[in-house]
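Comments concern the structure below.
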Amino acid sequence: MRGLSGIKSVGEISVSEPRVISGNMTQDFCSGFCALGGFPYFGLQNAWACFCSWDFGSLGPGKESDCNMPCNGNSSQICGGFWRNSVFALKYPKRSCFKQSQMPSLNVSSTLPTSWSIAAQTALDCLIPCEASAECQAVISSGQQRLCHLLRFAYPPASLSSTDGDFFLRG
C-alpha cells in the first residue's frame with residue numbers, strides 16, 4: 001500500500017513514507033486521512049501505522065488471525081498486526097458534485113507532483129476533467145490566467161496556496 005509515496009505532509013499531518021504514524025491511531029482517523037486523497041483503500045498496521053492506496057494484495061491475503069493488535073487510539077478496534085495490514089475499502093457517494101469554498105489554509109508537501117495544470121476558459125472547463133479523473137479531489141480555477149490547477153488532495157500544494165482563483169472541492 002504505497003499511495004502516500006513521495007508525500008511529506010497533508011495539512012498538519014506528517015507522512016513518514018509511505019505511511020502516517022500516530023500514537024493515537026484509530027480506524028476513523030486513517031479512513032478520514034485517506035479520504036483527503038480519494039483513495040479507495042486504507043490499511044492499518046502494528047497498532048499505529050496508516051497506509052492509503054489505489055490497490056492492495058500484491059503479496060496475497062494473510063491469515064485474519066494475524067491482525068490482532070488493538071489500535072493504540074481505540075482498543076476496541078483492530079489495527080493490523082506485525083507486518084500485517086487490516087485493509088478496508090472506502091466507499092464514496094457519486095462524486096460528480098463540486099462545492100465552491102474558501103481556499104484551505106492547509107497544504108500538501110511532497111517530493112512528487114500533487115497537481116497538474118490545464119488551459120481553461122471557465123470554471124466548468126476545470127470541473128469536467130476533474131470529475132473524469134479518480135485522482136482529482138479539488139480544483140483552482142483562475143479565469144484571469146485562463147488556467148486550471150487540478151489537485152490530487154483536498155488541499156493544494158504549497159506552491160499553489162496563494163494562487164488567485166476560485167477553489168472547488170469534490171463533494
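Within the stretch 138-170, track down each residue that is aliphatic (A, V, I, L, M) and open to solvent by less than 30 Å² (accessible area, probe 1.4 Å).
138, 139, 140, 150, 151, 154, 160
Restricting to the stretch 111-137, what's the tally of residues that are open to solvent by less than 40 Å² (accessible area, probe 1.4 Å) and of a type in the set (Gly, Ala, Ser)? Please lay out each step first, then the result.
First, pick out the residues of the stretch 111-137 that are open to solvent by less than 40 Å² (accessible area, probe 1.4 Å): 114-115, 120, 123, 126-127, 130, 133, 136-137.
Adding the requirement that they be of a type in the set (Gly, Ala, Ser) leaves 115, 120, 123, 133.
So the answer is 4.
Taking the options 138, 123, name whichever one is among the small types (Gly, Ala, Ser) and either closer than 20 Å to residue 159 by Cα or within 17 Å of the chain's Cα centre (by Cα) (or both). Give the derivation first.
Details: 123 fails: either closer than 20 Å to residue 159 by Cα or within 17 Å of the chain's Cα centre (by Cα) (or both).
Just a single option satisfies the conditions, and that option is 138.
What are the pairs with Cβ atoms under 6 angstrom where one residue, in the stretch 85-109, is assigned by the TED database to the domain that holds residue 159 and among the charged types (D, E, K, R) and the other, located anywhere, is modelled with pLDDT under 95 and exposed (fewer than 10 other Cβ atoms within 10 Å of the Cβ)? Sequence gap at least six, or different chains.
Close Cβ pairs satisfying both conditions: none exist.
Of the residues that sit in the stretch 136-161 and are of a type in the set (S, T, N, Q) and assigned to a strand (DSSP E or B), which one is farthest from residue 38 (Cα to Cα)? Break it down into steps so the answer makes sense when it comes.
Our first condition is that a residue be of a type in the set (S, T, N, Q); within the stretch 136-161, this holds for 137, 141-142, 144-145, 159, 161.
Those left that are additionally assigned to a strand (DSSP E or B): 141-142.
Working: 141: 20, 142: 23 Å.
It comes out as 142.
For residue 164, are the conditions met, namely being part of a loop (DSSP other than H, G, I, E, B), outside the structural domain of residue 60 (by the TED database), without any contact (Cβ under 8 Å) to a residue 24 or more places away in the chain and acidic (Asp, Glu)? Reasoning before the result, please.
On the way: part of a loop (DSSP other than H, G, I, E, B): yes; outside the structural domain of residue 60 (by the TED database): yes; without any contact (Cβ under 8 Å) to a residue 24 or more places away in the chain: yes; acidic (Asp, Glu): yes.
Here the answer is yes, as residue 164 does meet what is asked.
The values are calculated or read from the model by the stated rules, or taken from the named source; none is laboratory data. Computed from a predicted structure; not experimentally measured. For neighbour counting, all protein chains shown are included, and Cβ atoms are generated from backbone atoms with ideal geometry for every residue, glycine included. Side chains included, ligands, DNA and RNA excluded: accessible areas come from the protein's heavy atoms. Shrake-Rupley method; radii C 1.70, N 1.55, O 1.52, S 1.80 Å.
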